[in-house]
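Peer 1: Before anything else, here's the structure in question.
Nothing in this text is a laboratory measurement; each read-out follows from the coordinates by a stated rule. Keep in mind it's a predicted model, so treat the numbers as computed, not measured. Note that we place each Cβ from the backbone using ideal geometry, even for glycine, and neighbour counts take in every protein chain shown.
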Amino acid sequence: MSTELHTAAASKVTLKRPSLRPRVVWVIVAGCAATGLVVGPLLGLNRTMSVVLAVVLLLVVLPLAALRVEGARRATDRLVTIVVSVAFSLALLPLLSLLWTTVKYGVGRFDPEFFFSDMRGVLGEGGGALHAIIGTLLMTGAAAVISVPIGVMSAVYLVEYGRGRLASSITILVDVMTGIPSIVAGLFSFAFFAVFFGPSIRFGLGGAVALSVLMIPVVVRSVEEMLKLVPNELREASYALGVTKWRTIARVVLPTAAAGIAAGITLAVARVIGETAPLLIIAGSTTNVNWNLFEDRMAALPVYTYYSYTIPGIPPEFGIERAWAAALTLFVIVMALNLLARLSARLFGSATSR
Amino acid sequence: MVSTVAKNIDISDLDIYYGDFLAVEDVTMYIAPFSVTALIGPSGCGKSTFIRSLNRMHEVIPGARVEGKVVMDGQDLYGADVDPVNVRRQIGMVFQRPNPFPTMSIYENVAAGVRLNAKRMKKVELDELVERSLRAANLWNEVKDRLDRPGSGLSGGQQQRLCIARAIAVEPQVLLMDEPCSALDPISTLAIEDLIAELKANYTIIIVTHNMQQAARVSDETGFFNIAGVGEPGRLIEMDRTEVMFSNPKDKATEGYITGRFG
């Protein structure tokens, strides 16, 4: 009797469930795409709207098919999968389009002359961005030299020492600084140096100061997060060896967080390297190579791009070509910085792998 | 072996606070030199808090403070002019979870106490110290060929012995162990217990453990902590020679805990 009951129950319970074959799914996807792209134009829709039609069709047809065959849970899963994929493509599309456009127009002047000459005496064809590349690297480098110590030390204070009023007000100030419009940073730097050197002051260091105003909060924030990730056990292990707090921070906490800190700093650099507005105000623009941060105007790639596009010269094609090439150069520099950050994270990471 | 002079510790009327919360109340205890003292008791009764207050690690937590006296060989550890950093150099600590420094090699981990304190030491002397400490921790034979590899590459039991080597490389006089075997398998646990028996010759050892057999195996004295209820402070209920505690405890609660009837 009991065995009978048992087998009856067992025969009812099945672990299998019907599912749409992958081939069927692909057929549905292809069908929706074809229908959208064929019917769309017939309805007088343009290409974009036809794609939208195809996606909407897919959003309806595939979940309905899944609902019939596979049940409600799998149908919901398919619906959400489509929605998420569409959202992802929408987010990625502008980026790819931007990259493609910059490469397409910028590659034309991606020649040795562009990298090894400046704009002195150039009105039409030729010319290069050497002075702007040097200016960008110098000013961003100087900004990093200013911001990294200040940022790292502020973060160390906030994570390791800061308690109460002072720490929370610094945190609020850092948050506010994150939101400063870049033009305000430029105006700040200009106003500051104008007090000492008069209103006609234009020089690279001013640009670096403006950039560091933008960079410091980013560095503080990212380093803060990295320091918080260092397990407390390591600090305690160090204290228990009779190591002072400062030495614990310098020799245990900071090295453990080094990979993340390096990545954070690189991203902060990447964040400010494309700034135009503050440099327009305080660093000005020039056509010559200027190696001196402390004197005279200094060009930068974003400013160079801006002027090459707004005042392209006669005939305008050459200026516009140079603008695209400069934008592409900036792209490449930022990309290289990002790769560097990943590489450094991996290099430090191998020593710290836990 | 590392040459040290073990010290006695005399604790009287010790109250331990987290902010306004009294976590451990009124502990009075004498710990003899060259002895192993086991502290047992249910979770949350303040054993770890108590042991951390013995090398002034408790105050690392914001708001944490201590009232009462902890006297080591005539010196009050909580005296006005006492530097907690110096206290910790005398009283080493091994934690529940092995925590070797991830950025350092095995060698550097053992040398960390010397290097991080910026003590000047000749390479030869340092090599010697590292070898001595690793031998004392019964780890030398397992790692002597890979001293430059990261300490995090070792097994859990080896890592814990590395942490013990690191602690004794500072040449402390007292060694505190906060559940040193709770994250380890039985074989590693046995290795650590053997090690404790050897270290007893040179150090005064205080060990917190949840493992009753372990307390019975390794310790000379056993202290039982208990807590009256949630939010109540932990107290030292009873302390005696380990044989007495496990065969003939005076307190009902101790007997109940040891025989496994609660906790």
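Peer 1: Please express the shape of the protein assembly as shown as an equivalent ellipsoid: the semi-axes are the square roots of 5 times the eigenvalues of the C-alpha gyration tensor, given largest first in whole angstrom.
Peer 2: On the way: eigenvalues 747, 329, 100 Å².
Over the Cα atoms of the protein assembly as shown, the semi-axes work out to 61, 41, 22 Å.
Peer 1: Return the whole-Å distance between the Cα centroid of segment A:226-249 and the Cα centroid of segment B:205-260.
Peer 2: Cα centroid of segment A:226-249 versus Cα centroid of segment B:205-260: 32 Å apart.
Peer 1: Short version: ³J(HN,Hα) in whole Hz for each residue of segment A:17-29, in order, from phi by Karplus 6.51 cos²θ - 1.76 cosθ + 1.60 (θ = phi - 60°), x for Gly and Pro, what are they?
Peer 2: 8, x, 9, 6, 5, x, 5, 4, 4, 5, 4, 4, 4
Peer 1: Right, next: Can you order the peptides B:74-81, B:91-98, A:74-81 by their average number of other Cβ atoms within 10 Å per residue, highest first?
Peer 2: Working: B:74-81: 11.9, B:91-98: 23.1, A:74-81: 15.4.
Descending mean neighbour count gives B:91-98, A:74-81, B:74-81.
Peer 1: Around A:V218, what is the net charge, scoring Lys/Arg as +1 and Asp/Glu as -1 over all other residues with Cβ under 14 Å from its Cβ? Please list the in-between numbers first.
Peer 2: Values: positive: A:R221, A:R271; negative: A:D175, A:E224, A:E225, A:E275.
Neighbour charge sum, excluding A:V218 itself: -2.
Peer 1: Still on this structure, I have one more. When Cβ neighbours within 10 Å are restricted to other protein chains, what is their mean count per residue of peptide A:242-251? Mind showing how you got there, number by number?
Peer 2: Working: counts 16, 10, 7, 3, 0, 5, 1, 0, 1, 8.
Neighbouring Cβ atoms belonging to other protein chains average 5 per residue here.
Peer 1: Still on this structure, I have one more. Around B:I237, which amide H atoms from residues at least 5 apart in sequence, or from another chain, sit under 5 Å from its own amide H, with H modelled in the peptide plane?
Peer 2: B:F224, B:F225, B:N226
Peer 1: Amide H to amide H, which residues 5 or more places from B:A64 or on other chains are under 5 Å from it, using H placed in the peptide plane?
Peer 2: For B:A64, the qualifying residues are B:G19.
Peer 1: Can you give the calculated 222 nm mean residue ellipticity of chain A, where each DSSP H run of n ≥ 4 adds -39,500 (n - 2.57) and the sum is split over every residue, rounded to the nearest 500 deg cm²/dmol? Could you put the intermediate results ahead of the total?
Peer 2: Numbers: 15 runs with 261 residues, N = 354.
Calculated at 222 nm, the ellipticity per residue is -25000 deg cm²/dmol.
Peer 1: Quickly rank B:156-168, B:209-221, A:278-290 as a protection proxy: mean count of other C-beta atoms within 10 Å, highest first.
Peer 2: Working: B:156-168: 25.2, B:209-221: 19.4, A:278-290: 22.5.
Answer by packing, highest mean first, reads B:156-168, A:278-290, B:209-221.
Peer 1: For segment A:165-174, in order, what is each residue's ³J(HN,Hα) by Karplus, 6.51 cos²θ - 1.76 cosθ + 1.60 with θ = phi - 60°, in whole Hz (x at glycine and Pro)?
Peer 2: 3, 4, 4, 5, 6, 5, 4, 5, 4, 4
Peer 1: How large is the convex hull of the C-alpha atoms of segment A:114-352 per residue, in Å³?
Peer 2: Each residue corresponds to 131 Å³ of Cα convex hull volume.
Peer 1: Okay, moving on. Go through B:122-129, B:103-110, B:140-147 and give me the packing order, highest mean Cβ count within 10 Å leading. Spell out each step's value before the answer.
Peer 2: Numbers: B:122-129: 12.2, B:103-110: 24.2, B:140-147: 14.6.
Ranking, from highest mean packing down: B:103-110, B:140-147, B:122-129.
Peer 1: By a straight-distance test (C-alpha under 22 Å), which lysines pair with B:K69 as possible cross-link partners, with residues fewer than eight away in the same chain excluded?
Peer 2: B:K7, B:K47
Peer 1: Could you go through segment A:197-202 in sequence order and give the Karplus-derived ³J(HN,Hα) for each residue, using 6.51 cos²θ - 1.76 cosθ + 1.60 with θ = phi - 60°, rounded to whole Hz, and x for Gly and Pro?
Peer 2: Those phi angles translate into 10, x, x, 9, 5, 9 Hz.
Peer 1: Within a Cβ distance under 12 Å of B:Q160, other residues only, what is the Lys/Arg minus Asp/Glu net charge? Each step should come with its number before you reach the end.
Peer 2: Values: positive: B:R97, B:R161, B:R166; negative: B:D178, B:E179, B:D185, B:E193.
Result for the neighbourhood of B:Q160: -1.
Peer 1: Still on this model: Over segment A:114-352, what is the mean sequence separation of C-alpha contacts under 8 Å (at least six apart), divided by residue count, expressed as relative contact order in percent? Mind dumping the intermediate values first?
Peer 2: Values: 346 pairs, mean separation 69.0, N = 239.
The normalised contact order for segment A:114-352 reaches 29 percent.
Peer 1: Across the residues of A:226-236, average count of Cβ atoms on other protein chains within 10 Å?
Peer 2: On the way: counts 0, 0, 0, 0, 1, 3, 3, 5, 5, 2, 7.
Mean inter-chain Cβ contacts per residue within 10 Å come to 2.
Peer 1: Return the equivalent ellipsoid semi-axes of segment A:17-96 as a descending list in whole Å, where each equals the square root of 5 times an eigenvalue of the C-alpha gyration tensor. Could you put the intermediate results ahead of the total?
Peer 2: Numbers: eigenvalues 117, 53, 18 Å².
Gyration-tensor ellipsoid for segment A:17-96: 24, 16, 10 Å.
Peer 1: Let me ask something additional. In whole angstrom, how long is each semi-axis of the equivalent ellipsoid of segment A:159-266, when you take the square root of 5 times every eigenvalue of its Cα gyration tensor and sort them from largest down? The partial results should precede the final answer.
Peer 2: Details: eigenvalues 252, 42, 34 Å².
For segment A:159-266, the semi-axes come out at 35, 14, 13 Å.
Peer 1: Less than 17 Å apart at the alpha-carbon level, and either on another chain or at least 8 residues along: which aspartates and glutamates does that give for B:K144?
Peer 2: Those aspartates and glutamates meeting the cut-off are B:E108, B:E125, B:D127, B:E128, B:E131.
Peer 1: How shielded is B:100-113 by partner chains, expressed as the average number of their Cβ atoms within 10 Å of its Cβ atoms? Walk me through the numbers before you get to the answer.
Peer 2: Values: counts 3, 9, 10, 14, 6, 1, 0, 0, 0, 1, 0, 0, 6, 5.
Average per residue, whole number: 4.
Peer 1: Related question: Hey, what number do you get for chain B at 222 nm if only DSSP H runs of n ≥ 4 count, each worth -39500 (n - 2.57), divided across all residues, to the nearest 500?
Peer 2: Working: 10 runs with 91 residues, N = 263.
The helix contribution divided over chain B gives -10000 deg cm²/dmol.
Peer 1: Calculate how large, on average over all directions, the projected area of the Cα convex hull of segment B:9-258 is; give the answer in nm² to one decimal. Write out the running numbers ahead of the final one.
Peer 2: Values: hull surface 54.9 nm².
Answer in nm², one decimal: 13.7.
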